Amino acid sequence: MALFRKKSQQTNPAMSADTSTPLDGVDLILADLDGVVYKGPGAIPFAIDSLNAAAATARLGYITNNASRTAASVAEHLSGLGLTVAPEDVVTSPQAAVLLLADLVPAGSTVLVVGGEGLIDEVVKAGFVPTDSAEESPAAVIQGFAPSVGWEQLAEASFALHTGIPWVATNTDWTIPVARGTAPGNGTLVSAVHTAVGKLPVVAGKPEAAIFEVAVDRFGASTPLFIGDRLDTDILGANRAKIPSVLVLTGIDGPKQVLAAEEEQRPTFILGDLRELALPYPAITETTDADGSVLVTARGASVRRRGNTITVETAGDDNLDLLRAGCAAIWNSGRKIYAFDVPAELYSWV
């Protein structure tokens, strides 16, 4: 599944149509949670009905970097929003983290846990003994996000890590979307410990491939599709795991960020909300004119790349199609976005 298809100069891109949807051929949909399904306790508009509809043709699984809750509590939350979810349908970064931990320290070891109930639960289920004190000579430190994590917990991790023991982080998300806006994530807490100890942890969650590999293996999928809301963790992680991806613009990253996305952070599909999972996705066509300029078209929207300038030829009826065309024009140039003059209408509509 590609974001664009090149056409010859003679092709009329406006006449090219694609009736396939992002879900065609998919046997497993893996969805991120924060920014995709919900923000805070409440569901994101259209997410629940769209995922329930998608369940008619593909298995649904959920991947979260949030280490503060158990898989069972996440499943209960999702079920309360109107989805049909069992705990085994939820793949958490603590689950991936304890698998990494098992390769680093002996079974039954005492492990210093910085995080919430979700992380402690997985540590115990994996057969390790959790502690919150460096004075108990832990064999490793495992760190995840919880709103209650503060200086005392970070200090204990620092004291323990100065002895040279392994350190596993569930994830390094700099931010998390919550009901009131964007808040600091586990990456900020990991960074605080890193500053104190001068070393970096092994990371289990997105954007590393481990959590995706755990999910695909658990569900036995052959053609998965991942849905996320942020480029630096969700889309980068899916690309590292070689899984096609959807960036949905209901969470952290918006049009401005996706236009500037580095190659390894570029999604297969760009959607405004999850209703578009079941809708035809436009064929992105590219033609080169006699003057060397390149015209990129997505349905009724077209963007021209001429030298260092990006211009809008036709805005079309859908801002998303204009964004898709603009992304292809920049991404397929082989150059960074800062090499171009980019019109604000490509990204200023949200």
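When 285, 110 are sorted by how many other C-beta atoms sit within 10 angstrom of their C-beta, beginning with the fewest, the order is 110, 285. Once you reduce the range 144-223 and the range 227-300 to the center of their Cα atoms, the two points are 27 Å from each other. Among the lysines of the chain, pairs at least eight places apart or on separate chains and with Cα atoms under 27 Å apart come to 15. Take the Cβ atoms of residue 262 and residue 195, set R0 to 25 Å, and the FRET efficiency comes out at 0.50. Rounded if a/c is under 1.5, else prolate if a/b beats b/c, else oblate: with a ≥ b ≥ c from the C-alpha gyration tensor eigenvalues square-rooted, which is the range 181-264? Taking the square roots of the gyration eigenvalues as a ≥ b ≥ c, the range 181-264 is oblate.
In the set (i) 19.9; (ii) 24.3; (iii) 18.0, which value of mean projected area of the Cα convex hull in nm² was calculated from the structure you see? The listed entry that was calculated here is (iii). Spread over its residues, the convex hull of the C-alpha atoms of the range 94-203 is 89 Å³ per residue. Take the Cβ atoms of residue 332 and residue 129, set R0 to 51 Å, and the FRET efficiency comes out at 0.45. For the pair residue 242 and residue 290, the difference between a 0.36 nm per residue extended length and the Cα-Cα distance amounts to 13.6 nm. Answer rounded, prolate or oblate for the range 217-343, using the Cα gyration tensor with square roots of eigenvalues a ≥ b ≥ c: rounded when a/c is under 1.5, else prolate when a/b is larger than b/c, else oblate. Prolate, because a/c is 1.5 or more and a/b exceeds b/c. In terms of other Cβ atoms within 10 Å, 313, 156, 263, 122 run from fewest to most in the order 263, 313, 156, 122. What's the angle, to the nearest 10 degrees (0 to 90), between helix 186-197's Cα axis and the longest principal axis of the chain? Approximately 50 degrees, to the nearest ten.
Summarising the amide proton neighbourhood of residue 31: residues at separation of 5 or more, or on other chains, whose placed amide H is nearer than 5 Å comprise 61, 62, 63, 227.
Calculate the spin-label point distance for residue 222 paired with residue 24, positioning each point 7 Å from the Cα along the beta-carbon direction, and give it in nanometres. Label at residue 24, label at residue 222, 1.9 nm between them.
Applying 0.36 nm per residue to the separation of residue 345 and residue 57 and subtracting their alpha-carbon distance, the gain on full extension is 100.0 nm.
Take every pair of alpha-carbon atoms less than 8 Å apart whose residues are at least six positions apart; their mean separation over the length of the range 94-203 yields a relative contact order of 25 percent. Comparing 93, 175, 316 along the charge dipole axis of the chain, the residue lying farthest to the positive side is 316, per the Cβ-charge model. Would you mind checking the tilt of helix 93-102 against the longest principal axis of the Cα atoms of the chain, expressed as 0 to 90 degrees and rounded to 10? The answer is roughly 50 degrees. Residues whose amide H comes within less than 5 Å of that of residue 185, counting only those at least five positions distant or on another chain, are 175, 176 (H built at 1.01 Å from N in the peptide plane). Protection proxy ranking, highest mean first, for peptides 27-33, 233-239: 233-239, 27-33, where packing is the per-residue count of other beta-carbon atoms within 10 Å, averaged. Considering only 173, 24, 321, the Gaussian network model of the chain with Cα springs below 10 Å gives its largest mean-square fluctuation to 24. Placing unit charges on C-beta atoms (Lys and Arg positive, Asp and Glu negative, everything else neutral), compute the dipole magnitude of the range 94-203 about its Cα centre in debye, rounded to 20. Charge dipole of the range 94-203: 300 debye, to the nearest 20. Assuming charge only on the beta carbon of Lys and Arg (+1) and of Asp and Glu (-1), the dipole of the chain about its Cα centre is about 860 debye to the nearest 20. Between 46, 128, 269, the GNM of the chain built on Cα springs shorter than 10 angstrom shows 46 fluctuating the most.
Footprinting exposure proxy ranking of 39, 199, 206, fewest other C-beta atoms within 10 angstrom first, gives 199, 39, 206. Rounded, prolate or oblate, given the Cα gyration tensor of the range 86-155, with a/c below 1.5 counting as rounded? Taking the square roots of the gyration eigenvalues as a ≥ b ≥ c, the range 86-155 is oblate. Comparing 254, 181, 272 in a Gaussian network model of the chain (Cα springs below 10 Å), the most mobile by mean-square fluctuation is 181.
Read-outs: derived from the displayed coordinates by stated rules, not from any lab. A quick note: this is a predicted structure, and the numbers were derived from the prediction, not measured. Cβ atoms come from the backbone with ideal geometry, glycine included; neighbour counts cover every protein chain shown.
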